[in-house]
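Below is one structure, written out as structure tokens; the observations come after it.
The numbers here are math on the coordinates, done by the rules we state, and not lab data. Because the structure is predicted, anything quoted here is derived from the model rather than measured. As a convention, Cβ positions derive from the backbone with ideal geometry for all residues, glycine included, and neighbour counts pool all protein chains shown.
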Amino acid sequence: MTKQTGGGNPAPSADSLAKAARRAVNKGPAPVHLWSPPFCGEIDIRIRRDGTWDYLGTPIARVELLKLFASILKREGDAFFLVTPVEKVRIRVDDAPFVAVDVEAQGAGAAQALTFTTNLGDSVVAGPEHPIRVERSADTGEPAPYVELRDGLEALIDRKSFLRLVELGGDALHQGKRWFGLWSRGVFFPVIPSDELAG
């Protein structure tokens, strides 16, 4: 299902979008920051909180197609788009577009490096260019941790990986207050105030 734009032109289908993406992407990350195509409407693609991509309500099973779409994903504010040099369509994202399903640590303390692997097989090392942030539910206080992959696109860190991170964390002074948090590539990422953790 596609939704038409004000000009009456239907947004492209997933197949036509994939063909355009293949023509535009030869190797490496697509330079979506350089592309400014016209907005073509919305396409019925949804990324669920668990990282599943649905098209017309049905999960997309082909990993190579998911990786292709992920390579042309762009975030603008709170909206997400699939972008080619000639088309730009909005999709729905329930939370973050990716899930970090594994984490490995090398070193310790401020010299520690945390490497995250996503559900699509991409890897990033947390640090100045790939920060970690933790949101807490206003209702339950439950933490929702994220790591940035590129250009505002984040991966939700899954529960097992976050529990492992908690074991790797420690206290540090951050903005004049003691925090429990995580070190990676010389950057301290606060998780929770230490006094709250003690309580």
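Summary of values
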{"item": "Loop-resident sites, region 34-94, for chymotrypsin sites (Phe, Trp or Tyr not before Pro), counting at most 10 other Cβ within 10 Å (DSSP)", "result": "none"}
{"item": "Calculated on alpha-carbon atoms, Rg and Dmax of region 67-138 in Å", "result": "15.1, 47"}
{"item": "Gyration tensor over alpha-carbon atoms, the chain, equivalent ellipsoid semi-axes in Å", "result": "36, 17, 15"}
{"item": "Centroid-to-centroid separation of region 62-109 and region 125-199 [C-alpha atoms, Å]", "result": "20 Å"}
{"item": "Residue-averaged 222 nm ellipticity for the chain, from DSSP H runs of 4+ at -39500 (n - 2.57), nearest 500", "result": "-5000 deg cm²/dmol"}
{"item": "nm² value of the averaged projected area, convex hull over the Cα atoms of region 139-199", "result": "5.3 nm²"}
